[in-house]
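J.: Let me give you the structure first, and then I'll get to my questions.
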Amino acid sequence: MKGVTHLNSAPSNKELFFSFFKLGWTAFGGPAMIVHIRKMAVEQKQWLDETTFRNGVALCQMIPGATAMQAAAYVGFKTRSVFGAGASFIGFALPAFLIMVVLSAAYAKGHSLPPIISAFKGLQVIVTAIVAHAAFTFGKTWLKDWRGMFVALMAAAMFGLGINPILVIIVAAMSGLGLHGKETSPSIQAIVPEHRYPYKPFLFILLIAAIAFALLFIFLRPLFDMAFLMSRIDLFAFGGGFSALPIMFNKVVHVRGWLDSLTFLDGIALGQITPGPIVITATFIGYLLYGYSGAIIATIFIFLPSFILVIALEPYFAKLQRSRYFSRAIRGILYSFVGMLLSVVIHFALNITWDIPRILFAIATFTALLFNVKLPWVILIGTGISVIVF
């Protein structure tokens, strides 16, 4: 395929699937997994060179969705076109989906047991601290001057007032265009050569997605509503999986009333225990609403739009990078998600009955994350302490 850059012969779709399936079992840390994807694809397998992989990471940072998932799709796309992207993407996501289904089923049957109740009381505090740490980390990365802080605080206020999150994103994008003049985003610097690729497989995927939506609309309207909502959430999740939380929380809890706040928090906690992006919480939501079929549909459609964007935009990435308007709008959107994460922290915190043990627990969790303690250890140790303390 013209434009593909790799050092070894292209892997088969089967090899891509099983390589990423194996990697997916240890995919803790969200975007941090990009380091491990690079190690496998560039250093160990030598499917791509360093420059090509780095360009792919830049692309994934510019578009909505879970960054590590998109990086997996990018590697597959550059080596085996559209079906290679699908093999990598599915292989990488499958372990998280399987584990989340098992955890969701266990939660549905046993969440009322006293030890489970105690565990989740602590996990709700842990999740609040995790989101607070994400807001702090993203804010430190993206908010470099008063303009970023202004957009972030404006977004937090708008979200707190119950304004539609999509409208918040649009306003933030327009603010980025207006506040940054002719500046471009400093974080996006790669130059990617344009190339052509076979469009038939891509059109086939679009056709299958359209047919799936149509069948759900006609025969299973509740599942269609959930699938459509998950797709919209993914399309506006700029900045990675954490960026989807504010929209997901607003739509699932406040607008649709499918779950209460504490149950949603429990789902986030399970999503942190599970390898893979935090938006795997969609599997939990789907399972609680409609069982196994709901889990499958929610998982497919929380990832499908960003997968399609990777393979659709990659050949035109160079043009997008050269557009100062696109870069400025993206900056505004990234600013807004710091504010949105802040609003989620406030919402989560208001749903917890705070006392001295919980305050100390939250501070300890936040401090551990600041010192780069691995998230799985924070969750496991915190769960054990929760069973004892709460």
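The values are calculated or read from the model by the stated rules, or taken from the named source; none is laboratory data. Source: prediction; values computed, not measured. Cβ coordinates were reconstructed from backbone atoms using ideal geometry, including for glycine residues, and neighbour counts include every protein chain displayed.
J.: Looking for whichever is under 21 Å from ALA68 (Cβ atoms), more than 12 Å from the chain's Cα centre (by Cα) and of a type outside the set (Lys, Arg) here; the options are ILE211, ILE285. Which one fits?
T.: It is ILE285.
J.: Let me ask you something else. Within the set of pairs 6 or more residues apart or between chains, which connect a residue that is more than 22 Å from PHE138 (Cα to Cα) and in contact (Cβ under 8 Å) with a residue 24 or more places away in the chain inside segment 343-354 to a residue that is hydroxyl-bearing (Ser, Thr, Tyr) and surrounded by 18 or more Cβ atoms within 10 Å (Cβ to Cβ) with Cβ atoms less than 7 Å apart?
T.: ILE352/THR128
J.: Are there any pairs, at least 6 apart or on different chains, whose C-beta atoms fall under 6 Å, with the first in segment 62-78 and β-branched (Val, Ile, Thr) and the second not in a helix (DSSP H, G or I), and if so, which?
T.: Qualifying pairs under 6 Å: THR67/GLY240.
J.: Determine whether VAL378 is among the hydrophobic types (A, V, I, L, M, F, W, C) and crowded, with 18+ Cβ neighbours inside 10 Å.
T.: Yes.
J.: Let me ask something additional. I'd like the residue in segment 337-351 that is at pLDDT below 80 and either more than 12 Å from ALA132 (Cβ to Cβ) or in contact with a Pro (Cβ under 9 Å, 6 or more places away or on another chain) (or both) and, out of all such residues, is surrounded by the fewest Cβ atoms within 10 Å (Cβ to Cβ).
T.: Here the residue is ASN351.
J.: Right, another one. Working only within segment 266-277, note down all residues that are of a type in the set (A, V, I, L, M) and touching a Phe, Trp or Tyr at 6+ places or on another chain (Cβ under 6 Å).
T.: Selection gives LEU270 alone.
J.: Considering each residue of segment 281-296, count those that are surrounded by fewer than 24 Cβ atoms within 10 Å (Cβ to Cβ) and closer than 29 Å to GLY84 by Cα, and give that number.
T.: At the first step, the residues of segment 281-296 found to be surrounded by fewer than 24 Cβ atoms within 10 Å (Cβ to Cβ) are 288-296.
Then drop every residue that is not closer than 29 Å to GLY84 by Cα, which leaves 292-296.
Adding up the residues that qualify gives 5.
J.: Testing PHE307 on (1) surrounded by fewer than 24 Cβ atoms within 10 Å (Cβ to Cβ); (2) in contact with a Phe, Trp or Tyr (Cβ under 9 Å, 6 or more places away or on another chain), one condition comes back false. Which one is that?
T.: Status for PHE307: all satisfied but (1).
J.: For residues in segment 229-242 being over 13 Å from ILE166 (Cβ atoms) and assigned to a helix (DSSP H, G or I), which is modelled with the highest pLDDT?
T.: MET230
J.: Quick one: what pairs do we get from segment 262-273, first residue assigned to a helix (DSSP H, G or I), second modelled with pLDDT under 85 and among the aliphatic types (A, V, I, L, M), C-beta under 6 Å, 6+ apart or different chains?
T.: Within 6 Å, the pairs are LEU265/VAL127; ILE268/VAL127; ALA269/LEU123; ALA269/VAL127; GLY271/ILE278; GLN272/ILE379; ILE273/ILE379.
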